[in-house]
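Report on one structure; see the data block that follows.
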Amino acid sequence: MTPADPTPTERAPTDLAPTGRRPVLSVRGLSVRFLMPAGRRVAAVTDAHFEVAAGECLALVGESGCGKSVLASALLGLLPANAQAAGEAHLGELDLLAADERTLARTVRGRLIGLVPQSPAAHLTPVRTVRSQLEETVGALTGTRGRLAVRVAAEAAATRAAFRADHLDRHPHELSGGLAQRAATALALVGDAPLLLADEPTTGLDRDLVDHTVDELRRHMDTGRRALLMITHDLSAAERIADRVAVMYAGRIVEIADAEAFFGAPGPRHPYSRGLLQALPDRAFTAIPGMPPELGDLPEGCAFAARCERATDACGALPPTTGHLACHHPHVPEDLSA
Ligand code: SF4
């Protein structure tokens with residue numbers, strides 16, 4: 001069955017707030033539908049609720065195609081023309097989902113949200129040096145004027161991203177994967193945005209570079225002033241950096257948990273989250289049977305039911321409520337320690 005149009009759920013603002021921290025981004029009932037030929041609708045994101053606080057890294061994890069990059073595009077106002085977004089996503093006073101393109105281009109991208117992209121090399125302009133791209137971004141985002149001042153600010157941004165000054169006059173194709181990642185990160189830092197959004201920042205990097213990249217991202221959270229939303233399919237990277245973890249499956253956030261409890265004891269409570277962790281090579285390395293459902297043909301009840309060993313008739317009939325834990329029969333701590 002194809003779900004009906006997005007209907008954001010009302011939820012008390014304090015429901016998902018990390019204790020004692022000021023939320024930088026607050027997402028309420030975010031849904032995204034793609035309108036396809038012949039009137040088909042694809043539910044890419046359904047009723048997402050989460051917050052990210054200053055000084056906090058929230059890792060949004062899940063397999064490819066689960067909707068996490070669509071969610072990022074919705075926050076940045078970069079959805080394709082056949083997409084419909086509903087709900088709210090507040091960054092300070094601004095509702096990103098209600099903002100017009102002019103506001104998104106002038107105020108949001110770069111200034112309120114610094115994007116560390118999935119493919120840094122593709123994000124950089126191939127025919128221009130890193131220096132000229134940084135200088136242009138400094139001019140556009142910071143209002144710095146004067147050749148020398150712009151040059152100094154561009155070099156400072158490169159230094160913040162650990163991008164060496166003697167590489168600034170290189171073109172993107174002359175950079176290694178790690179250097180391209182740092183160049184893209186330097187561009188993301190220029191506007192001093194309160195939220196960094198890193199979309200699969202470790203894709204294609206070897207393990208050492210993955211560790212280095214996430215350590216650098218953590219450093220850019222800037223002594224608790226900046227929030228980091230990291231979208232990743234790499235649970236090891238998430239374990240290294242995240243304060244909290246949000247697990248996404250078939251377009252829904254099914255569990256939000258403290259990272260220490262999630263990766264350590266007592267472990268995840270949602271059967272899918274638990275399966276994801278067990279599929280890691282350094283854990284039990286047990287694959288989850290079956291495949292995720294098509295987002296254009298989601299079942300009536302829980303989308304994980306066909307793959308879940310805890311499924312009951314209730315799971316097939318009723319979708320579990322979205323929230324910190326969207327499951328009719330979650331693991332309880334005693335199960336997990338058994
Ligand atoms: S709601 Fe049911 S089928 Fe879905 S994850 Fe929980 S136990 Fe499994």
Everything considered on the Cα gyration tensor (a ≥ b ≥ c; rounded for a/c under 1.5, else prolate if a/b is larger than b/c, else oblate), segment 58-101 must be described as oblate
Between the residues G204, A38, A265, the Cα farthest towards the positive end of the dipole of the chain, that dipole coming from +1 and -1 charges on the beta-carbon of Lys, Arg, Asp and Glu, is from G204
About its Cα centre, segment 46-126 carries a charge dipole, from +1 on Lys and Arg Cβ atoms and -1 on Asp and Glu Cβ atoms, whose size in debye to the nearest 20 is 400 debye
Hydrophobic long helices for the chain, i.e. whole DSSP H runs reaching 15 angstrom or more by Cα along the axis with Kyte-Doolittle mean at least -0.5, come out as 130-142, 147-160, 177-189
Taking every alpha carbon pair in segment 205-338 and sorting the distances into 10 angstrom bins from 0 up to the bin holding the longest one, the percent per bin comes out as 11, 39, 33, 15, 2
Site E309, offset 7 angstrom along Cα→Cβ, radius 13 Å on amide nitrogen, limited to segment 260-295, gives 271-272, 274-276, 278-279, 284-289
If the chain between R128 and L280 were fully extended at 0.36 nm per residue, the gain over the current Cα-Cα distance would be 50.7 nm
In nm, the gap between the two label points placed 7 Å beyond Cα toward Cβ at M291 and M36 is 1.3 nm
Pseudo-spin-label distance T144 to D208, built 7 Å along Cα→Cβ, given in nm, is 3.2 nm
Placing +1 on each Lys and Arg Cβ and -1 on each Asp and Glu Cβ in the chain, then taking the dipole about the Cα centre, the residue among A158, L148, G301 whose Cα reaches farthest towards the positive end is L148
Each label sits 7 Å from Cα toward the beta-carbon; between E260 and E88 the label points are separated, in nm, by 3.2 nm
Treating only Lys and Arg (+1) and Asp and Glu (-1) as charged, each at its beta carbon, one finds that the chain has a dipole about its Cα centre, in Debye to the nearest 20, of 940 debye
To the nearest 0.05, the calculated FRET efficiency linking R225 and A105 through their beta-carbon distance, R0 being 22 Å, is 0.35
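Readers should treat all values here as calculations from the given coordinates under stated rules, not as data from a laboratory. Please read all numbers here as calculations on a predicted model, not as lab measurements. No Cβ is skipped: glycine too gets one built from the backbone with ideal geometry, and neighbour counts run over all protein chains shown.
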